[in-house]
Each structure stands twice: as C-alpha cells, then as structure tokens.
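Read the structure below first, then the notes.
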Amino acid sequence: MEKIYSKIDDRQLLHITFMKNNFSKRQDLIDPMEFIQLASIELKKDQTFKPHKHKWKKTTFKQFIAQESWVIINGSVKVDYYDLDDSLLKSVILNNGDCTVTLRGGHNYTSLEENTLVYEFKTGPYFGLELDKESLNIK
C-alpha cells in the first residue's frame with residue numbers, strides 16, 4: 001500500500017494505491033472517520049461470516065466530499081494524482097486486481113488497453129455533475 005500525502009499540507013492524506021499482491025488476512029485500508037471505507041480480505045476455502053445487515057446511523061456531518069475508489073478488473077490504467085493546489089503529485093500504473101482511492105485532491109484516469117474494465121465506488125448521495133465535480137486548474 002502506498003499513501004500519498006499533500007505537499008501543501010503534509011497532514012492531509014489524499015490518495016492511496018493498493019496492489020493485489022499485498023493481501024494478508026484482513027487489513028483496513030482507510031481511517032474509520034473517512035466517508036469511504038475499504039478493507040482487503042484474504043479468505044480461506046469455506047471461510048464465512050455471521051449473517052448480518054448494516055444499521056442506519058445518524059451523523060453530524062454538515063458537509064461531505066465524494067471520495068472515490070477504482071478496482072481494476074481487466075487491463076491497466078494510468079492514474080495521475082493531484083495535490084490540493086492542482087499540481088501533479090505522482091502517476092501510477094494499476095493492473096488487474098489493483099485499487100486506487102482518492103480521499104481529497106484531484107485525479108485523472110487513462111485506460112492503457114482496449115477493453116479495460118474497472119469497478120468504481122464512490123460515496124453518495126450524488127446531486128449531479130455541477131455539485132459533484134470541479135475541473136482542475138492544471139499547472
């Protein structure tokens with residue numbers, strides 16, 4: 001796992017990459033106070049869990065940000081990670097089974113192969129493009 005912090009504010013975790021070859025048992029990948037949650041889980045044959053459902057909870061959040069994760073199913077993707085001031089921090093190539101999470105800051109994805117398939121996960125609710133996304137001022 002690689003955690004990418006802001007160069008503007010080194011306390012701000014912006015992006016995380018997790019490669020599929022880093023699995024071991026259960027690993028929580030995101031701080032529990034973030035909007036999006038992610039864990040990696042390595043399961044043994046016939047391993048199961050107690051059947052359950054999740055409870056509705058009241059929150060005190062008055063503001064929230066859409067946080068996003070991509071899991072590469074097939075193919076490869078170049079991910080550009082941007083800082084809080086829209087400057088490029090790093091570019092990473094992700095392949096089958098790899099994952100990226102953006103908590104803050106900007107990002108861009110470029111498919112590197114035909115028929116690349118990804119799962120995209122985001123926090124909701126979604127109120128439309130105008131309220132959800134802002135184009136970066138690329139420097």
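Things worth noting here:
- Of the peptides 107-113, 12-18, the order by per-residue mean of other Cβ atoms within 10 Å, starting with the highest, comes out as 12-18, 107-113.
- Evaluating 6.51 cos²θ - 1.76 cosθ + 1.60 at θ = phi - 60° for every residue in region 124-138, the Karplus couplings come out as x, x, 9, 9, x, 4, 4, 8, 9, 10, 9, 5, 7, 8, 5 Hz, glycine and proline recorded as x.
- Cα-based shape type of the chain, given that a ≥ b ≥ c are square roots of the gyration tensor eigenvalues and the cut on a/c is 1.5: oblate
- Region 76-129: C-alpha gyration tensor shape, a/c 1.5 cut-off, then a/b vs b/c: oblate
- Other residues lying with their Cβ under 15 Å from the Cβ of Ala39 contribute a combined charge of -1, Lys and Arg counting +1, Asp and Glu -1.
- Reachable aspartates and glutamates, given that their alpha-carbon falls under 17 Å from the alpha-carbon of Lys57 and they are not under 8 places away in the same chain: Glu34
- Ordering of 96-105, 80-89 by packing is 96-105, 80-89, highest average first (other Cβ atoms within 10 Å, averaged per residue).
- Student exercise, the chain dipole from Lys, Arg, Asp, Glu Cβ charges, in Debye to nearest 20: 860
- Summed side-chain charge close to Cys99 - residues other than Cys99 whose Cβ falls under 12 Å, Lys, Arg +1, Asp, Glu -1: -3
- Sum of side-chain charges, Asn22 neighbourhood, beta-carbon under 14 Å (Lys, Arg +1; Asp, Glu -1): 0
- When you restrict to C-alpha pairs under 8 Å that are six or more residues apart and normalise by the size of the chain, the relative contact order lands at 26 percent.
FYI, it's all coordinate maths here, none of it is from the lab. Note that the coordinates shown come from a computational prediction; the quantities given were computed from them, not determined experimentally. Please note: Cβ atoms are built from the backbone with ideal geometry, for glycine as well, and neighbour counts cover all protein chains shown.
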